[in-house]
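Chemist: I'd like to ask you about the structure that follows.
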């Protein structure tokens, strides 16, 4: 089976250091390990990536169209600004989940709007690292349903 792409946007490389009261103390390496472990229990493979560059994230979404069975994306600040990622996710035509560590709806007003939400299957936010686990579980269900139908 093709892997699930778990894509991470700007500043997520600073997890564990950047605003731990909001984002927690787990590092991105910790998050990747948790994703790989949970995916293994589901029978999924994970391709875990991070970039601070919007164009690279767009290219990875394009790559996922043929190279992945689904996409979990924490686009960070690009969630609130990127029409390019919106368009790429729509074009990928894959099961996809937007996720966030924090509850963006309890934060600054500019974080309440997502350009990605209309282009993905679902959105998960506010559960810390568990948001990634929930996204992988959701993708597993979506991918399994697609194989049966």
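The values are calculated or read from the model by the stated rules, or taken from the named source; none is laboratory data. The structure presented is a predicted model; accordingly, all values stated were derived computationally and were not measured. Using ideal geometry, Cβ is built from the backbone for each residue, glycine included, and neighbour counts are taken over all protein chains shown.
Chemist: Free of Cβ contacts under 8 Å to residues at least 60 places away in the same chain, touching a strand residue (DSSP E or B) at 6+ places or on another chain (Cβ under 6 Å), surrounded by fewer than 22 Cβ atoms within 10 Å (Cβ to Cβ) and not in a loop (DSSP other than H, G, I, E, B): does that describe residue 49?
Modeler: When the stated conditions are applied, residue 49 passes them.
Chemist: Can you name the residue in the stretch 59-74 that is closer than 21 Å to residue 124 by Cα and in contact with a helix residue (DSSP H, G or I) (Cβ under 6 Å, 6 or more places away or on another chain) and, of all such residues, is surrounded by the fewest Cβ atoms within 10 Å (Cβ to Cβ)?
Modeler: 69
Chemist: Let me ask you something else. Can you pull out the residues in the stretch 15-38 that are exposed (fewer than 15 other Cβ atoms within 10 Å of the Cβ), in a helix (DSSP H, G or I) and either at pLDDT 95 or above or in contact with a helix residue (DSSP H, G or I) (Cβ under 9 Å, 6 or more places away or on another chain) (or both)?
Modeler: Within the stretch 15-38, 29, 30, 33, 37 qualify.
Chemist: Is it the case that residue 97 is touching a helix residue (DSSP H, G or I) at 6+ places or on another chain (Cβ under 6 Å), part of a helix (DSSP H, G or I) and free of Cβ contacts under 8 Å to residues at least 60 places away in the same chain?
Modeler: When the stated conditions are applied, residue 97 does not pass them.
Chemist: Separate question: Scan the stretch 107-149 for residues that are modelled with pLDDT of 90 or more and in a loop (DSSP other than H, G, I, E, B) and report the count.
Modeler: Result for the stretch 107-149: 9.
Chemist: Pairs under 9 Å by beta carbon, first residue touching a residue at least 60 places away in the same chain (Cβ under 8 Å) and on the phi > 0 side of the Ramachandran plot in the stretch 120-144, partner surrounded by 19 or more Cβ atoms within 10 Å (Cβ to Cβ) and not in a loop (DSSP other than H, G, I, E, B), six or more apart or different chains?
Modeler: Within 9 Å, the pairs are 128/23.
Chemist: Looking at (1) in a helix (DSSP H, G or I); (2) out of contact with any strand residue (DSSP E or B) (no Cβ under 9 Å at 6 or more places or on another chain), can you tell me which one residue 85 breaks?
Modeler: Every listed condition holds for residue 85 apart from (2).
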